[in-house]
1. Can you find a residue in segment 165-172 that is farther than 21 Å from Ile90 by Cα and touching a residue at least 12 places away in the same chain (Cβ under 8 Å)?
2. If you go through segment 181-210, how many residues are hydrophobic (A, V, I, L, M, F, W, C) and surrounded by fewer than 15 Cβ atoms within 10 Å (Cβ to Cβ)?
3. In segment 143-157, what residues are surrounded by fewer than 16 Cβ atoms within 10 Å (Cβ to Cβ) and either of a type in the set (Asp, Glu) or within 14 Å of Ala89 (Cβ to Cβ) (or both)?
4. Kindly indicate the residue of segment 22-71 that is within 22 Å of the chain's Cα centre (by Cα) and among the acidic types (Asp, Glu) and also surrounded by the fewest Cβ atoms within 10 Å (Cβ to Cβ) among those meeting that condition.
5. In segment 29-72, what count of residues is obtained for those that are small (Gly, Ala, Ser) and touching a strand residue (DSSP E or B) at 6+ places or on another chain (Cβ under 6 Å)?
Amino acid sequence: MKAYILDDEYSAIEVLEIYLYKHFPEITVVGKNTRPVDAIDEIASLQPNLLFLDVQMPKLNGFEVLEKLPKPWPKVVFTTAYDKFAIDAIKYSAVYYLLKPLNLPELKNAIEKVTENLMHNHDHMRLQELLFNMKAQGSHKPKFAVKNNDAIEYLSVEEIIRCEADNNYTKIYLSGGKKIIVSKTLKEFELVLEQYNFLRIHQSHLINKEYLKRYIKTDGGSVILADGTELPVARARKDILNKNIDF
């Protein structure tokens, strides 16, 4: 396996390179760089099948570098210091990442996952989904990318009324009566959608606050949404709901 390391901290590159040399003889580091702009042509030329990519870098961040690389993309392992939204989006998209400072057990886990999926091309769609959702951050009317079977659907966050857990799947209910089912857990949707005014009111229910019409505090507690749906409020979630309603 040919690997390339891009990180604006040379010390981080050195640590990763030592780990790879000592513990992963099947991986050869064919290139490394601290300058994202210069690295783009190098990566395209060397064609590694594994890229360790720092998220926070000057001039271009890791997501911008990835967008500029020719396809097909190599397997990517993102490396990042704590950045809540970036990590949540990465987790949601089920791509690989390592937290800085790097440690050997987490590196082994990431490489095992990469190796297991080396012959599959699911990562390409996952990375597309991730890049779209990262660009949507801060948008006035953000859209939200979800992988649905062999396609990616782009949903306006404003049209999502609620999400409902169905074992390891999630049902997404949209304005206009449309419903789609996605093979992700409700927790994964909560990680990304909480920044867009969504509230987890129950183990099985995540709602868009903009569609909340009525909160009934009696009989255990429930909410009524704009489409007429009534949903229970979990006892443990009542305080959170009370703090987040303004009517």
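1. yes
2. Looking only at segment 181-210, we keep the residues that are hydrophobic (A, V, I, L, M, F, W, C), and these are 181-182, 186, 189, 191-193, 198-199, 201, 206-207.
The next check asks that each one be surrounded by fewer than 15 Cβ atoms within 10 Å (Cβ to Cβ); those that pass are 181.
Residues that pass the stated criteria total 1.
3. Keep residues of segment 143-157 that are surrounded by fewer than 16 Cβ atoms within 10 Å (Cβ to Cβ), which gives 148-154, 156.
Matches in segment 143-157: Asp150, Glu153.
4. Looking at the filtered set, the residue picked out is Glu67.
5. First, pick out the residues of segment 29-72 that are small (Gly, Ala, Ser): 31, 39, 44-45, 62.
Narrowing further to those that are touching a strand residue (DSSP E or B) at 6+ places or on another chain (Cβ under 6 Å): 31, 39, 62.
Number satisfying all stated conditions: 3.
Per-residue answers, yes or no, for (1) at pLDDT 75 or above; (2) assigned by TED's automatic domain parsing to the domain that holds Val30; (3) among the aromatic types (Phe, Trp, Tyr):
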position: Asp83; (1), (2), (3): no, yes, no
position: Leu99; (1), (2), (3): yes, yes, no
position: Lys108; (1), (2), (3): yes, yes, no
position: Lys147; (1), (2), (3): yes, no, no
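The values are calculated or read from the model by the stated rules, or taken from the named source; none is laboratory data. Because the structure is predicted, anything quoted here is derived from the model rather than measured. Don't worry about glycine lacking a Cβ; one is built from the backbone with ideal geometry, like all the others, and counts go over all protein chains shown.
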